[in-house]
Amino acid sequence: KLTPVARSAKTAKKNVKVTVSLDKQDKAMIQELKDAGYIVKYRFYRSTKKSSGYKRMFLSEQPIYINTYGKRGTMYYYKAIALAYNKDGKLIAKTELKQCRYAKRRWTK
């Protein structure tokens with residue numbers, strides 16, 4: 001069971017950069033999947049509430065998402081899930097959204 005943690009930071013252009021952080025054991029598991037020929041992707045979610053209302057924002061093979069829009073003064077909460085696909089592009093496994101610890105950042109742009 002992977003336990004991803006979302007981390008956020010401001011970029012130079014005042015956008016929000018969300019990064020998925022994994023511990024050593026989780027990184028090793030992801031690397032084993034990649035070595036076996038599976039494709040690992042990350043799907044990012046955003047909400048204005050801490051515990052509910054997360055909406056899908058972005059899908060990437062990299063554990064990084066840069067949010068470029070939002071409403072000034074609004075606090076946004078970010079989460080991410082990891083998805084594993086086989087060589088044919090069929091989804092074979094994914095983490096649950098509730099497994100991920102959230103990151104938060106107030107939109108100031």
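The values are calculated or read from the model by the stated rules, or taken from the named source; none is laboratory data. All values derive from a computational prediction rather than experimental measurement. Cβ atoms come from the backbone with ideal geometry, glycine included; neighbour counts cover every protein chain shown. The accessibility values were calculated without ligands, DNA or RNA, using every heavy atom of the protein model including side chains. Shrake-Rupley method; radii C 1.70, N 1.55, O 1.52, S 1.80 Å.
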Looking only at segment 34-51, which residues have a backbone nitrogen under 19 Å from a spot 7 Å from the Cα of Lys90 in the C-beta direction?
34, 36-41
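Tell me, in nm to one decimal, what length is gained between Lys14 and Ala36 on full extension, where the rule is 0.36 nm per residue of separation less the Cα-Cα distance?
On the way: separation 22, 0.36 × 22 = 7.92 nm, distance 3.87 nm.
4.1 nm is the gain from fully extending Lys14 to Ala36.
Just subtract the alpha-carbon distance of Arg7 and Lys71 from 0.36 nm times their residue separation and send over the number in nm, one decimal.
Details: separation 64, 0.36 × 64 = 23.04 nm, distance 2.00 nm.
In short, 21.0 nm is gained.
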Loop-resident trypsin sites (Lys or Arg not before Pro) in segment 3-38 with no more than 10 other Cβ atoms inside 10 Å, DSSP not H/G/I/E/B, are Lys13, Lys14
Cα centre as origin, Lys/Arg/Asp/Glu Cβ charges: segment 47-109 dipole, Debye:
460
Which value, in debye to the nearest 20, describes the size of the charge dipole of the chain about its Cα centre when Lys and Arg Cβ atoms bear +1, Asp and Glu Cβ atoms bear -1, and nothing else is charged?
920
With every protein chain left in place, what is the accessible area per residue of segment 10-67 in square angstrom, probe 1.4 Å?
65
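If you take the beta carbon distance between Gln25 and Arg106 as r and set R0 to 25 Å, what does 1/(1 + (r/R0)^6) give as a FRET efficiency, to the nearest 0.05? Present the calculation step by step, with values, prior to reporting the outcome.
On the way: r = 33 Å, r/R0 = 1.30.
Taking R0 as 25 Å, the efficiency between Gln25 and Arg106 is 0.15.
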Added length on full extension, which subtracts the Cα-Cα distance from 0.36 nm per residue, Lys98 to Leu59:
12.3 nm
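For the chain, which whole-number percentage of the solvent-accessible area (1.4 Å probe, protein heavy atoms only) is attributable to carbon and sulfur atoms?
Here carbon and sulfur together make up 49 percent of the probe-accessible area.
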With the cut-off at 31 Å, tell me which of the pairs Lys10/Lys98; Lys27/Lys49; Lys14/Lys87; Lys13/Lys50 have Cα atoms farther apart than that.
Lys14/Lys87
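For Lys1, what charge total do you get from the other residues with a beta carbon under 11 Å from its beta carbon, if Lys and Arg give +1 and Asp and Glu give -1? Present the calculation step by step, with values, prior to reporting the outcome.
Working: positive: none; negative: Asp26, Glu96.
The answer is -2.
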